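Report on the structure given below.
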Amino acid sequence: MSESSKRPGEISASIMCADISNLVETLDILESESVEYLHMDVMDGHFVPNFALGMDHIKKIREISNVPMDFHLMITDPEEKIGWFNFGPGDCVIVHYESTRHIIKALEAIKATGAKPGIALNPGTPVFVLDEILDFIDIVAAMTVNPGFAGQQIVPGSIDKVARLKKYLIDRGHPDIEIEVDGNISFENARLLRERGADIFVAGTSSVFGDMDRHEAIRSLREAII
């Protein structure tokens, strides 16, 4: 692992996977365990065949938690909708390369809010599409499943794609761009992805929101991403 990858691995807990009936308790646990981000999946039923986490829901969560948010916008033409959200310093906002013809416009709109702009790549999207936008991003989210639904199995080849992405960023002089991984991030997959250069781990039903005690699950994931 390169020098820039020696930063501590970070956890982004997927709120879509949390039990809504115990959400306040869950948020308290996540904060007590110093989870770095709350992962907010926003889906419009168009870019992906599902709906998730409307703005009123997100606003309420913001009112009861001080943990920064990691927004994953699975929406068409995100550049037209950035103003709908209350992004700010400390947040990450990730849009899909495949979601718009005006990707730089979307990234610049995110940057103007003070949040960190990021780009997500679907499993079948090649790394080289980043060539013209590296100066506009702080994060690349490598999707290890096809976006839209929790509980999927990891797409074959996506773990090694993270290693290729890491090398690509270093070779092009951008070793400080963080790599987020999203999809079937089990404890074992997290360990393998960490070895290949991942920095931020979206934790859902395969780890933090599985059958294990929440505190124990978070600590087990921490051990996997040291």
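The values are calculated or read from the model by the stated rules, or taken from the named source; none is laboratory data. Keep in mind that this is a model prediction, so the values were computed, not measured. Glycine gets a Cβ as well: all are built from the backbone with ideal geometry, and neighbour counts include every protein chain shown.
So here's what we get for this one:
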{"item": "Some residue of the range 166-177 being outside any loop (DSSP other than H, G, I, E, B), touching a Phe, Trp or Tyr at 6+ places or on another chain (Cβ under 6 Å) and over 21 Å from Ile11 (Cβ atoms)", "result": "no"}
{"item": "Residue within the range 124-143 that is buried (at least 21 other Cβ atoms within 10 Å of the Cβ), modelled with pLDDT of 95 or more, under 18 Å from the mean Cα position of the chain (by Cα) and not aliphatic (A, V, I, L, M) present", "result": "no"}
{"item": "Answer residue from the range 130-148, given it is in contact with a Leu (Cβ under 8 Å, 6 or more places away or on another chain) and not in a helix (DSSP H, G or I) and is farthest from Asn50 (Cα to Cα) among those", "result": "Ile133"}
{"item": "Test: Asp44 is closer than 24 Å to His174 by Cα, free of Cβ contacts under 8 Å to residues at least 40 places away in the same chain, surrounded by 16 or more Cβ atoms within 10 Å (Cβ to Cβ) and out of contact with any Cys (no Cβ under 9 Å at 6 or more places or on another chain)", "result": "no"}
{"item": "Single condition Asn22 does not satisfy, out of (1) closer than 21 Å to Ile225 by Cβ; (2) out of contact with any helix residue (DSSP H, G or I) (no Cβ under 9 Å at 6 or more places or on another chain); (3) outside any loop (DSSP other than H, G, I, E, B)", "result": "(1)"}
{"item": "Cβ-Cβ under 8 Å pairs, at least 6 apart or on other chains, the range 169-185 side under 21 Å from His39 (Cβ atoms) and of a type in the set (A, V, I, L, M, F, W, C), far side at pLDDT 95 or above and surrounded by fewer than 21 Cβ atoms within 10 Å (Cβ to Cβ)", "result": "Ile177/Leu134; Ile177/Asp138; Ile177/Ile139; Ile179/Ile139"}
{"item": "Residue within the range 71-79 that is among the aliphatic types (A, V, I, L, M) and part of a loop (DSSP other than H, G, I, E, B) present", "result": "yes"}
